[in-house]
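The values are calculated or read from the model by the stated rules, or taken from the named source; none is laboratory data. Being a predicted model, the structure only gives us computed values, none of them experimental. Here the Cβ positions follow ideal geometry from the backbone for every residue, glycine too, while neighbour counts run over all protein chains shown.
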Amino acid sequence: MSLAPFIHAMGRGPGRARSLTGDEAQQAMDLILRGAADPHAVGALLMLMRYRGEVPAEIAGFATAMRTDLPPLPRVDLDWPSYAAGRTRGLPWFLLSARLVAATGARVLLHGWNSHQSDGADVRASLPLAGIAQAQSPGDLATCLDRDGIAYLPLETLSPRALTLLRLREVLGLRSCINTVLRVLNPAHAPAAVQGVFHPPYRGLQQEAGVLLGQPSLAILKGGGGEFERNPAKDVALFRLVNGQPEELTLPALLPEPRRLSDAPTPPQALADLWEGTLRDLFAEAIVTGTAAAALIALGHAPGPAHALAQSLWANRPLYARITEAEG
């Protein structure tokens, strides 16, 4: 079997073309991951899907097939994908937020591909400053989670085939639905997940894909550069799944003056300095605690208690941040 039937379905022309069903999308991704699809056909499929606009069934079908290609992973409580391009964002303050969430005892899996990001926004380079270890294998991931309650797993370790698909952007010159698929992938099947988007319409798309994937709890917001990172100077719409059912929640602004996320301190060292208390910046602190509170909501906390807990975790954090590569 080839990708031709799926390309034909999507590319027949006005009035006759259609999106793929979930089963068709799963079959197509299975062919791709097994290496049974012609590379030209893969590009055609992804670009047709971009042109038509990806739909939840296609995203869920792709994610379902991709999950079967993953190694077994240890149990986690919260899935935190990180796949933003980082060209317009500042420091990844959300790393400190994820670390706060892990301090509650929740096991947090960060995963992504970030080595292409600009200086300062590079998540992977920021991990040691944020006190988060990078796992080198699924076995190493279990060790890191047992020790720290949080770890980052790069996509090339998680799924080299998925990385190859993601990097087709460098060939095609356009983003494909693979970016969305990786955000909803939840490779360890965590019961709770957070997701960031850059374009607001993707909140509803990923929310509905979560329903199709049977995701129990989910929180999606338009965040800095597309990451799950809230601007505390703005009201934030949180698209949720609660017991698998769609809900929306508005989180009110935490600060009175409008500011952009890029207005926070930008030297990478600021991540460690903020955590260790040698830097005091109320806006950066509000990014960290506000994002942590949104993640705690995904874990089942009510909004008010989630905010109070995030503030308490920040006030009582251990005042050290950095780790060495050897410790990771």
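Taking the stretch 1-28 as the range and being without any contact (Cβ under 8 Å) to a residue 60 or more places away in the chain and either of a type in the set (A, V, I, L, M, F, W, C) or surrounded by 19 or more Cβ atoms within 10 Å (Cβ to Cβ) (or both) as the test, the residues that pass are MET1, LEU3, ALA4, PHE6, ILE7, ALA9, MET10, ALA17, LEU20, ALA25, GLN26, ALA28.
For the stretch 290-316, the set of residues classified as surrounded by fewer than 24 Cβ atoms within 10 Å (Cβ to Cβ) and of a type in the set (S, T, N, Q) consists of GLN311, SER312, ASN316, listed by residue number. Within the stretch 241-265, the set of residues being part of a strand (DSSP E or B), out of contact with any Phe, Trp or Tyr (no Cβ under 7 Å at 6 or more places or on another chain) and surrounded by fewer than 19 Cβ atoms within 10 Å (Cβ to Cβ) comprises VAL242, GLN245, PRO246, GLU247, LEU249, THR250. Taking (1) part of a loop (DSSP other than H, G, I, E, B); (2) buried (at least 22 other Cβ atoms within 10 Å of the Cβ); (3) among the aliphatic types (A, V, I, L, M); (4) modelled with pLDDT of 95 or more in turn, MET66 satisfies each apart from (1). Among the residues of this structure, VAL184 does not count as one that is buried (at least 22 other Cβ atoms within 10 Å of the Cβ), free of Cβ contacts under 8 Å to residues at least 40 places away in the same chain, in contact with a strand residue (DSSP E or B) (Cβ under 8 Å, 6 or more places away or on another chain) and closer than 24 Å to ASN243 by Cα. For the stretch 266-325, filtering for residues that are in a loop (DSSP other than H, G, I, E, B) and of a type outside the set (A, V, I, L, M) leaves 16.
From LEU261, LEU254, grab the single residue that is of a type in the set (A, V, I, L, M) and modelled with pLDDT of 95 or more.
Working: LEU261 fails: modelled with pLDDT of 95 or more.
Step by step, each of LEU261, LEU254 is checked, and only LEU254 is of a type in the set (A, V, I, L, M) and modelled with pLDDT of 95 or more.
Looking only at the stretch 138-167, residues that are at pLDDT 95 or above and over 19 Å from the mean Cα position of the chain (by Cα) come to 7 in all. For the stretch 183-199, the condition holds for no residue, the condition being that it is charged (D, E, K, R) and more than 13 Å from the chain's Cα centre (by Cα). Counting only residues that are assigned to a helix (DSSP H, G or I) and among the basic types (Lys, Arg), the stretch 144-180 holds 3 of them.
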